[in-house]
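Here is the structure we will look at.
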């Protein structure tokens, strides 16, 4: 695979340029160049080719770090790019933005107000749909803990990709059989590139810890938090299966019984 050396533009007082290796269409070398050594499953995600990526993973697997790598690469390979980070709360989206800035800091690249010297910028959004309007020509939209994000916010964000034909990444641990994250995972079209990574495939989580969590959480919550399972968690008035059995589908139309 061809290797490309990118020299980043820095401010004059930043101490000079920093070269970082980047394989074409491969973020693995880039991740390693900034001190992150991805495991085999993380390498699979970093090599995703699609414009629509959905990642269903265990808690503590490292999805936010992977998302930060994707964001940093986009900010530099495409000058003038706008990267938006969304989550259920502004605190969560801000945490991912700080991860991005931390990686840039290791490269001695300055970010002022979310803006880089090449005109790219990254913005962490609040969780309210009424407060996120106004952005357009988005190059990359990252939605962290997407299963927790309201459908209304997701529907507000998607049109921001229209003009730029931007990329969309959804990353989350499951949270019940509901919402756009579940629907896309179960019924989304072929345009979605899917990755499922349970905690049992993460070498960084000790087997003894998983066994303890299984005993403490019980099979339902353990299945959700660590095994990537979409389960009815008991807080819904009706189970997903009961709702679906109560719907009649005729010629593509749906009617309640």
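The values are calculated or read from the model by the stated rules, or taken from the named source; none is laboratory data. These numbers come from a predicted model, not from an experiment. Note that we place each Cβ from the backbone using ideal geometry, even for glycine, and neighbour counts take in every protein chain shown.
Look at region 117-142 and say how many of its residues are outside any loop (DSSP other than H, G, I, E, B) and exposed (fewer than 15 other Cβ atoms within 10 Å of the Cβ).
2
Pick out the one residue from 114, 105 that is in contact with a strand residue (DSSP E or B) (Cβ under 6 Å, 6 or more places away or on another chain) and surrounded by fewer than 23 Cβ atoms within 10 Å (Cβ to Cβ).
Answer to the selection: 114.
With (1) under 22 Å from residue 83 (Cβ atoms); (2) crowded, with 16+ Cβ neighbours inside 10 Å; (3) touching a residue at least 60 places away in the same chain (Cβ under 8 Å); (4) more than 14 Å from the chain's Cα centre (by Cα) as the list, and residue 156 as the residue in question, which single condition is left unmet?
(3) is the only condition that residue 156 fails.
Among the residues of region 103-112, is any at pLDDT below 95, under 11 Å from the mean Cα position of the chain (by Cα) and either closer than 30 Å to residue 230 by Cα or not in a helix (DSSP H, G or I) (or both)?
no
Pull up region 143-153, narrow it to residues that are in contact with a strand residue (DSSP E or B) (Cβ under 6 Å, 6 or more places away or on another chain) and in a helix (DSSP H, G or I), then point me to the one that is surrounded by the most Cβ atoms within 10 Å (Cβ to Cβ).
Checked region 143-153; the qualifying residue surrounded by the most Cβ atoms within 10 Å (Cβ to Cβ) is 146.
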